[in-house]
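What follows draws every value from the coordinates through simple rules; no lab data is involved. Fair warning: this is a prediction, and the values are worked out from it, not measured in the lab. Methodologically, a virtual Cβ is constructed for each residue, glycine included, from the backbone with ideal geometry; neighbour enumeration extends over all protein chains shown.
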Amino acid sequence: MTVKVRFAPSPTGRLHVGNIRTGLINWLYANGQGGQFVLRIDDTDLERSTKEYEQGIETDLTWLGMGWSERHNQSARFPLYQEAAERLKATGRLYPAYETQEELDRRRKVQLSRGQPPIYDRAALKLTAEERAALEAEGRRPHWRFRLEGKRVKWEDLARGHCEVDTASMSDPVLIREDGLFLYTLPSVVDDIDMAITHIIRGEDHVTNTGAQIEIFEALGAAAPAFAHTTLLVGADGEGLSKRLGSLSIMELREKGYEPLAVVSHLARIGTSDPLEPGASIEALAATFSFDKLAHRAARWDPEDLGKINAAILHGMDYAAAQPRLANLSADLGEAFWTAIRANLSFFGDVSGWARVVGGAIAPVVADEDRAVVEAARDLLPEAIDAQTWSAWTNAVKEKTGAKGRGLFMPLRKALTGLDHGPDMASILPLIGREKAAKRLAGETA
Ligand code: GLU
């Protein structure tokens with residue numbers, strides 16, 4: 001059996017780290033198994049779905065390296081859902097109901113006051129043809145409910161183990177609204193059957209839904225696929241992410257400058273037994289993915305861990321990989337430059353600052369109390385500068401001025417780079433070059 005999964009985001013907002021974790025687990029599982037990953041745009045909610053958000057989903061997935069083998073829009077497949085609905089109507093599993101929201105709310109309150117579970121009482125099933133005709137003559141349009149069998153629906157969940165949902169404790173779900181619009185529940189099952197989806201991998205907020213949907217699979221004469229319901233993401237403080245999701249969109253992470261591999265590595269490894277470190281590639285992450293590694297606890301989205309993974313990727317990046325990106329930022333100052341500065345990067349864009357230190361103009365920083373050391377250093381600066389210069393030169397300055405340790409190195413670093421931190425001076429002094437170094441030591445912007 002070839003594994004075929006689907007990621008079915010709704011284009012009603014930007015993808016955030018919570019949605020994309022679900023998508024990523026689908027992608028990793030499919031690719032690890034040599035299977036297929038289907039992108040299915042769940043635009044059944046025509047009012048809230050937009051083409052702009054749909055485009056955003058594609059941009060985000062592409063940026064993260066999550067390619068798809070098939071792509072569908074559910075809004076283009078309504079005839080299929082209609083046909084399935086007719087079949088369910090014919091077998092009496094889909095029935096019209098006419099209650100307004102207010103009527104339903106009222107009944108629910110009464111049930112609660114009597115200590116009864118607030119589930120739909122199926123009054124509509126008892127309507128005679130005349131009563132229905134009378135309601136329609138009043139101008140009422142029906143919504144359509146799926147008649148649940150009311151049983152313990154069981155499955156072996158790849159992420160949660162044995163699961164049971166008692167559909168007797170649920171209201172018959174509405175599949176079609178009174179304006180004729182399909183809610184997500186039926187289209188999802190129809191497409192999963194039509195596209196021969198083998199595994200439905202989604203968040204644990206869908207567990208109850210799965211009970212009803214398994215009954216719909218059966219009512220349509222199909223075997224339900226395998227299921228995996230993954231835990232929802234929490235923040236570093238252990239609280240749910242929902243309130244902060246706006247600031248955790250993939251778009252925002254991209255704009256902040258995170259590496260896509262850092263985002264997928266973090267999302268692939270939180271809540272698992274794997275160490276929080278970068279994968280070599282998204283394909284390598286897929287090769288080692290397994291549901292067995294997913295802990296039965298919440299996965300913690302922690303920007304600090306993401307930052308560490310991001311930095312580790314940059315610190316280990318070789319020049320060949322960095323070169324086109326350096327060139328793009330007009331910061332390709334050669335391999336020695338990249339090797340010297342990469343360990344100081346938090347984000348790739350930080351290279352611009354270091355390129356300025358090495359190849360551009362900076363204002364030296366010289367405090368009054370450091371002036372003597374800096375002046376001595378300028379006098380002692382050798383004609384030719386190479387990788388050995390720094391140690392011989394600073395030794396000479398030390399002998400002449402008596403300055404040592406931080407009192408020696410920090411004034412020189414600040415004069416030469418304008419900063420109090422940065423790469424190893426021995427490797428960047430030759431990159432700065434003698435002419436610029438001499439000027440900076442003389443206090444000139446160079
Ligand atoms: N659009 C639904 C969601 O994002 C899809 C759920 C599913 O995967 O079946 O929650």
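For the cross-link pairs 4/126; 4/154; 4/293; 4/51; 4/308, which exceed 31 Å when the distance is taken from alpha carbon to alpha carbon?
Working: 4/126 42 Å; 4/154 22 Å; 4/293 21 Å; 4/51 26 Å; 4/308 33 Å.
Pairs exceeding the cut-off: 4/126; 4/308.
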Exercise. Debye sum, Cα scatterers, the stretch 186-260, no solvent: what log₁₀ I/I(0) at q = 0.17, 0.22 1/Å?
Worked result: -0.78, -0.94
Exercise. Using alpha carbons only, what's the Rg to Rh ratio of the chain with Rh from Kirkwood?
Worked result: 1.19
Seminar exercise, completed: With a Förster distance of 56 angstrom and the Cβ-Cβ distance between residue 321 and residue 47, calculated FRET efficiency to the nearest 0.05 equals 0.80
Exercise. Taking the chain as a Gaussian network, Cα atoms linked when under 10 Å apart, which of 31, 73, 328 shows the biggest mean-square fluctuation?
Worked result: 328
For this session: Rank these for me by crowding, 66, 410, going from fewest to most other beta carbons within 10 Å.
Result: 410, 66
Problem set entry | DSSP bridge pairs, the stretch 121-252: antiparallel proportion in percent, nearest 5 | 65
Problem set entry | With eigenvalues of the C-alpha gyration tensor scaled by 5 and rooted, the stretch 107-198, Å | 30, 21, 10
Exercise. Cα convex hull of the stretch 1-113: how many Å³ per residue?
Worked result: 188
Exercise. Once amide H atoms are built 1.01 Å from N in the peptide plane, which residues 5 or more positions from residue 234, or in another chain, come under 5 Å H to H?
Worked result: 299, 300, 301
Exercise. Can you list the residues, at least 5 places off or on another chain, whose amide H is less than 5 Å from the amide H of residue 203, using H built in the peptide plane?
Worked result: 230
For this session: Could you grab the relative contact order for the chain? Cα pairs under 8 Å, six or more apart, rounded to a whole percent.
Result: 14
For this session: Rounded to the nearest 500, what is the 222 nm mean residue ellipticity of the chain from helices alone, with -39500 (n - 2.57) per DSSP H run of 4+ residues and division by all residues?
Result: -13500 deg cm²/dmol
